[in-house]
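S.K.: Pasting a structure below so you can have a look.
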Amino acid sequence: MDFQALLDEYGPEAIDIAIRGAGALAIILVGYWLAKIISGITQSALQKRNFDATLNNFISRLVFFVLLAITVIPALAHAGIQTASVIAALGAAGLAVGLALQGSLANFAAGVLIIAFRPCRVGDWIEAGGSSGTVESISLFSTILLTGDYKRVIVPNSKIMSGAITNYSVMPRRRIDLVVGISYDSDLRKAKEILQRLCAADERIMKDPATNIAVSELADSSVNLICRPWVATADFWPVRWKLIEDIKLAFDEEGISIPFPQMDVHYHKDA
C-alpha cells in the first residue's frame, strides 16, 4: 500500500484526532492560565486579611489544583475520551484514599481550624493534648511543643482540638496564688504585714490590681494565708520563686513558724 492510499484511508481520522488534541491542549492551557490568575488573586486577598502564611499558601494552591482538575475533564471530553468512567474511577479512588487516611484528614481539618482561629501562636506556652510547652511551630497536621526541659513534643492537631487548650501567654498578666501556713501560736497580724511588705518591695508586682492577702482556712495544724499578687506574664515564675524564698527567710527572722503536718498520739495504759 503506497503513501497516497494510506493518506486517503487514515488521513481524515488523523486530522480529526490532531484537531481534537489541539483543542484539548488549548483548553488545558487556558484553564492553567485562569487557574494561576485566580489562585494569585485568592492569595493576595488572604494576605490583605492577614491570614496565616501556611493557610494562605495551602488555600491558594488548593484553588489552583481544583480549577486545573475542572479544566482537564472538558479537555478530555473534547479529545473524544469518555469522561464518565474516568470520573467514576477518580471518585472510587478518592473514597478509598479518604477511608485510609481518616486520621490524617482529621489532623488536617484540626490544623486548618488552629491556623484560622488561632487559639495559640508560635511562642505561646500552652497545655493541650496531654502535653505542655512553648509552641515552636504549627503545621497542617501537627503542632510542635518545646517542654521546659527542652524536649520536642509533636502533638497531632486532632488531639489538640479534641480537648481544652490552656494558653498561659495570651493574656498580659497573671496572678500568683500562694498558700502560706503559719502555726496557731504565731502572730497572725505580723505574718500578714510581712507578706504585704514583701509584695510591695518587689517592683515587678503590680499595684493595680492590688495584692490580695487574707486568711483562707483554719486547718488542722496551721492557719492558712493566701497571697495573690498580680505580675506580667513573663515575670510569673521568677517572681513566684523569689517570693516563696523571701517569705521563708522573713518568717524565720520574725519568729513566724511554718508548721508541718503532725499527729499527736496518746497512749493509755490499762490498770
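S.K.: Against the definition (basic (K, R) and closer than 16 Å to D177 by Cβ), how does K242 come out, yes or no?
M.R.: Working: basic (K, R): yes; closer than 16 Å to D177 by Cβ: yes.
Here the answer is yes, as K242 does meet what is asked.
S.K.: Any residue in region 132-151 that is on the phi > 0 side of the Ramachandran plot sitting within a Cβ distance under 9 Å of a residue that is surrounded by fewer than 20 Cβ atoms within 10 Å (Cβ to Cβ) and outside any strand (DSSP E or B)? List the pairs, counting only those 6 or more apart or interchain.
M.R.: G133/T147; G133/G148; G133/K151
S.K.: Turning to a different aspect of this structure: Check T134 against each of (1) more than 11 Å from the chain's Cα centre (by Cα); (2) over 17 Å from F117 (Cβ atoms); (3) of a type in the set (S, T, N, Q) and name the one condition it does not meet.
M.R.: (1)
S.K.: Would you confirm whether any residue within region 174-184 is buried (at least 17 other Cβ atoms within 10 Å of the Cβ), assigned to a loop (DSSP other than H, G, I, E, B) and either β-branched (V, I, T) or modelled with pLDDT under 90 (or both)?
M.R.: Yes, there is a match, as at least one residue in region 174-184 is buried (at least 17 other Cβ atoms within 10 Å of the Cβ), assigned to a loop (DSSP other than H, G, I, E, B) and either β-branched (V, I, T) or modelled with pLDDT under 90 (or both).
S.K.: Would you check if there is a residue in region 198-205 being under 16 Å from I256 (Cα atoms) and outside any loop (DSSP other than H, G, I, E, B)?
M.R.: Looking through region 198-205, at least one residue is under 16 Å from I256 (Cα atoms) and outside any loop (DSSP other than H, G, I, E, B).
S.K.: Right, another one. Which of the residues that make up region 126-144 are within 27 Å of L46 (Cα to Cα) and not β-branched (V, I, T)?
M.R.: Selection gives E136, S137, S139, L140, F141, S142.
S.K.: May I ask you to list the residues in region 105-151 that are among the hydroxyl-bearing types (S, T, Y), farther than 24 Å from L62 by Cα and touching a strand residue (DSSP E or B) at 6+ places or on another chain (Cβ under 6 Å)?
M.R.: The first filter runs over region 105-151 and keeps only residues among the hydroxyl-bearing types (S, T, Y), leaving 131-132, 134, 137, 139, 142-143, 147, 150.
From what's left, farther than 24 Å from L62 by Cα: 131-132, 134, 147, 150.
Matches in region 105-151: S131, T134, T147.
The values are calculated or read from the model by the stated rules, or taken from the named source; none is laboratory data. What you see is a predicted model; the values in this text were computed from it and never measured. So basically every Cβ, Gly included, is an ideal-geometry build from the backbone, and we count neighbours across all protein chains shown.
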